[in-house]
Amino acid sequence: MDLTVSQLGDDDWTVLRELRLACLAESPGAFWATLETEAAYSQGQWTDFLRAAVWFIAASDSEYIGIAGAMARPDTADEPEIIGMWVAPYARRHKVGQRLLDACAEWGRARQVRSMTLWIVEGNLAAQGLYADCGFQLTGERAPLPRDEASYEVRMRLAL
Ligand SMILES: CC(C)(COP(=O)(O)OP(=O)(O)OC[C@H]1O[C@@H](n2cnc3c(N)ncnc32)[C@H](O)[C@@H]1OP(=O)(O)O)[C@@H](O)C(=O)NCCC(=O)NCCS
């Protein structure tokens, strides 16, 4: 597969919108957010969301096929979080997710952080398989999912 991974620029909010709405429609159970909420975002909300993280996108033959973000809020500056990982169904099992994680880890190393974390919905075995394959380990932390308190999410950490 001809694959390129690049970073979204500060004005690429329409690309973020396209990919986020695709991923929330396709995998509604995998994320904190809902399609209903983000479909109603204004341009200003998309721009804020874009700039709140560093977003990496994967493309093949000029089509966007995947996305992942790396977010360092003031309280997580030492240990940024990876968010919003998604690969289009037809492109799965071609190492697209792995390439997106590599880009996030490279970004973390350039910031000289020692580790990165993420949360996944418990039972998401594809995501857990990907993260384990890339060196993430379960931290033992488990918390109810804010949008559905009957479900839980678990945390994983990658040492850089
Ligand atoms: C999870 C997801 C991002 C994986 O992306 P991907 O591009 O298919 O993953 P890769 O091809 O890079 O996989 C690399 C390795 O991860 C593991 N892996 C990936 N998908 C897996 C699956 N369905 N089951 C078990 N292991 C899996 C395997 O070890 C795989 O290597 P292999 O294909 O040589 O066996 C993709 O399935 C997806 O977008 N799912 C829906 C959204 C989602 O769950 N996002 C995560 C939110 S936390």
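Taking the Cα centre as origin and putting +1 on Lys and Arg beta-carbons and -1 on Asp and Glu beta-carbons, what dipole magnitude results for the range 19-128, to the nearest 20 debye? Intermediate values should be presented prior to the final figure.
Values: 10 positive and 13 negative charges, 67 e Å.
Result for the range 19-128 is approximately 320 debye, rounded to the nearest 20.
Separation of the range 39-110 and the range 4-25 by C-alpha centroid, Å?
If you average the Cα positions of each part, the centres end up 8 Å apart.
Ordered by residue, what ³J(HN,Hα) values in Hz, to whole numbers, does the range 30-47 give under the Karplus form 6.51 cos²θ - 1.76 cosθ + 1.60, where θ = phi - 60° and Gly and Pro are x?
Calculated HN-Hα couplings, in order: 8, 10, 5, 7, 10, 4, 4, 5, 6, 5, 8, 4, 7, 4, x, 5, 5, 5 Hz.
Restricting to DSSP H runs of at least four residues, report the calculated mean residue ellipticity at 222 nm for the chain, -39500 (n - 2.57) per run over all residues, nearest 500 deg cm²/dmol.
Taking each H run of at least 4 residues, the total per residue is -9500 deg cm²/dmol.
Could you go through the range 97-114 in sequence order and give the Karplus-derived ³J(HN,Hα) for each residue, using 6.51 cos²θ - 1.76 cosθ + 1.60 with θ = phi - 60°, rounded to whole Hz, and x for Gly and Pro?
Per residue, the Karplus-derived 3J(HN,Hα) values read x, 4, 5, 5, 5, 4, 5, 5, 5, 5, 4, x, 5, 5, 8, 6, 8, 9 Hz.
Taking every pair of Cα atoms in the chain, average 1/r, invert it to obtain the Kirkwood radius, and report Rg/Rh to two decimals.
Rg/Rh: 0.93.
For the range 51-59, in order, what is each residue's ³J(HN,Hα) by Karplus, 6.51 cos²θ - 1.76 cosθ + 1.60 with θ = phi - 60°, in whole Hz (x at glycine and Pro)?
Result, ordered by residue: 7, 7, 8, 9, 10, 9, 10, 9, 9 Hz.
Just to be sure I understand the model, the point goes 7 Å from the Cα along the line to the Cβ. What's the resulting Q45 to E122 distance in nm?
Inter-label distance under the simple model: 3.0 nm.
Name the residues whose placed amide hydrogens come within less than 5 Å of the amide hydrogen of L145, ignoring near sequence neighbours (fewer than 5 apart) on the same chain.
Long-range HN contacts for L145: S151, Y152, E153.
The numbers here are math on the coordinates, done by the rules we state, and not lab data. Keep in mind it's a predicted model, so treat the numbers as computed, not measured. Neighbour counts are summed over all protein chains in view; Cβ atoms, including those assigned to glycine, are modelled from backbone coordinates with ideal geometry.
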